[in-house]
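One structure is given here, and the rest of the page talks about it.
The values are calculated or read from the model by the stated rules, or taken from the named source; none is laboratory data. The structure displayed is predicted, hence computed values, not measured ones. No Cβ is skipped: glycine too gets one built from the backbone with ideal geometry, and neighbour counts run over all protein chains shown.
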Amino acid sequence: MITTTIPFAKLRGSDANVRKSSTYAAAGIAALAASIEGHGLLQPLIVSPSRGRKSLFDVHAGGRRLAALALLVEAGKLGKDHPVEVRLCEDEDAAARELSLAENLLHEPMTAAEECTAYRDIIAEGASAEDVARRFGVTVRHVHGRMRLAELAEPIFAALAEGTITLDVAMAYGATSDRAAQLSAWERYSDSWAADNPQAIRRAIAETGLSGRDPLALLVGESEYQAAGGRIERDLFAAEGEGTWIDADIARDLAMKKLTFEAEVAQLATKLAWVKPVAATRVPYDDTRDLQGYFPDHAEPSPEAQDRMAEIERRHEEIEEEIEQTEDEDAAQALYDEQERLSAEYDALRKTDVIIPDEDREHVGTFLVIGQDGTPELVDRYYTAAKCVRSDSAQADTGEEAGDSASDAIDPEEEQAGLLDALPRGLEEQLAKDRRDILALHIAHDPALALDLAIFSLARDQAGHFGYSDTGCSIRITDRFEPAGLKDIPPSGAREQLEQVRVGLPNDWALIEDSFASFLAFRALDEDTRASWLAYAVSQSLQASLASGERNKPFQSGLGVLLGIDVARHWRPGAESFFDRLKKRQILGVLGEIDPAMPGRYALAKKSELASAATKLCSGDAIVEPAIRERALRWVPEQLAFVPPVSADDTSVGDGDEASADIAGEEEVPAGEDEHEDDEADALVADFARAA
């Protein structure tokens, strides 16, 4: 081969090139053209004289470069006679095809880390991001994103360069330029189940700052926050107004100044004794703990308002019927939206002027909070430190005593039927596995029951029962046909405790290759250890099940009742493992089960923010009233519960609370002392026989 130059007009693509021009991405060719324009052709084309037309040359390797040169010629940036550096090959057939194949297969594009380093070095030499974008045919935003990645904390960037984390994971860490926050998240997640979960990493980083769409941020305003020295970290793909406010303290100080001014104005307008500003969307329980609720009378709505309220009530009933009948998700969502608008209008019509006697007004006050849209809002409840009570007529209107609240009227055991009927298959499978693990954990701690279950399962076939086994217990122990469940989620508490049980059992006997010698070693174990191994082995024979639906296994529900299992002690709904998998209206429905006021507060929140809030609430980390916190800590989907079958006499069965307390870390109950009384066992048998 010889190296020379040939005018562009004499070059054409070769039919022997294994990569055809039709497969080239337009954006990639444009970027390559920009690079050639800025830096010239860095690598010569490989050509040979064309058959039949000796004045032309076929390009065997460098088809993308030829297409980029053609784009520059077409744009008038290069002439048709522009000299192109080539390497001339005389062999036209096998050599040309081999050269084309070798170049295309061996060519390896730069990694994201190499691209980041290259951009950083070019900009360090004095070029701007705009210059780099223009030279390489990319957007300025792309350059800024790569520069953000180039500034990642060293261990994170090293992992990206080595290929041990993906670009998506690196971008999640790059959601903030605060290296301390990056390292904190890296130390927490790099060796955990969430190492490859960008969503979990972004959530962990976001918790250290304030979302640009947070109501507090909307109240303050981005420009005012930045003018006060506040910093904003924008995600690589964040739109204007989005991002994380790093200096949350600055934002809270600015918000309190605004709220304090608005509270003073509101106090003068309402003539209340006090209006206290709160930099949150709701009043914390601690602020009302030492106060009493004050319930004033309200003026009667006007006749026109009463007529409109009646119309809204009728339309509400119609919407409920339409929702039940529709199968179109979009149509159902539109009906839910209409329902929310009508509810807001109804509440506005009902909230007429309050009537507070002068003798009470000097003691009564309320709070000013931040609405979901960032505007200050007066709370529509009143409080007093004095022992004032509302009038008898007001009590009669609502049917509640002073100090009661709407949330207190909710039954903690309220039915959840229909709330989570349409679960994604993966989530349903995961819940079935979680429920099975909870039951398995209790059986692993109850050798006596495990022995009974093992003997029952083995002997039943020999006792003349040849029908289908609906116990969900594959004691033989065969394939449990484990469902896939969800990927990249943390293990449940029950699964971790089961693993601790297994690790705590001696297994030297199982490492002996000779089966009979292994059996003798097992027999040499003390009785308690053998019983524990039996209990654990039986627990691993259980199949995944739910309390309803296709995976319903009443036999396992009966075991759970027998053991007195409290699912809430072992399973709490998390963001990744539960709420992220639900639709937004389903999450709002769960919040409404816990506190009817919550759906209204979070109606405008993003689904990710809603999932985080629901997770904190159900884990007990949210600051709420004690009654709401208790309901949240006990909430579980009905599919996970272990409940007896519904019968006419509603017999209460099972005294397994002691076993549950043992597993939860409370006082241990010796094996054999939790046997049921005959009458309770008979009631249990009768209930499940009727259900069958």
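Odds and ends about this structure:
- Here LEU439 clears all of (1) under 27 Å from THR529 (Cβ atoms); (2) assigned to a helix (DSSP H, G or I); (3) modelled with pLDDT under 55 except the condition numbered (3).
- Candidate set from region 488-502 (those that are farther than 18 Å from PRO447 by Cβ and without any contact (Cβ under 8 Å) to a residue 40 or more places away in the chain); member that is surrounded by the fewest Cβ atoms within 10 Å (Cβ to Cβ): GLU499
- Residues of region 340-361 that are part of a loop (DSSP other than H, G, I, E, B) and either surrounded by fewer than 16 Cβ atoms within 10 Å (Cβ to Cβ) or of a type in the set (S, T, N, Q) (or both): LYS351, THR352, ASP353, PRO357.
- Taken over region 260-318, the criterion of being in a loop (DSSP other than H, G, I, E, B) and farther than 21 Å from HIS363 by Cβ is satisfied by ALA279, ALA280, THR281, ARG282, PRO284, ALA299, GLU300, PRO301, SER302.
- So SER518, is it assigned to a loop (DSSP other than H, G, I, E, B), outside the structural domain of ILE594 (by TED's automatic domain parsing), over 25 Å from ALA448 (Cβ atoms) and among the polar types (S, T, N, Q): no
- Taking each residue of region 528-552 that is without any contact (Cβ under 8 Å) to a residue 60 or more places away in the chain and looking for partners that are among the aromatic types (Phe, Trp, Tyr) with beta-carbon atoms closer than 8 Å, six or more apart or interchain, yields ARG530/PHE522; TRP533/PHE522.
- Matching residues in region 363-376 - criterion: being surrounded by 16 or more Cβ atoms within 10 Å (Cβ to Cβ) and modelled with pLDDT of 90 or more: VAL364, GLY365, THR366, PHE367, LEU368, VAL369, ILE370, GLY374, PRO376
- Note on region 304-339: residues that are exposed (fewer than 12 other Cβ atoms within 10 Å of the Cβ) and of a type in the set (A, V, I, L, M) amount to 1.
- The criterion of at least 1 residues that are surrounded by fewer than 18 Cβ atoms within 10 Å (Cβ to Cβ) and within 33 Å of the chain's Cα centre (by Cα) is met by the following helices (runs of 4 or more DSSP H) wholly inside region 107-179: 112-124, 140-150, 154-162, 167-173.
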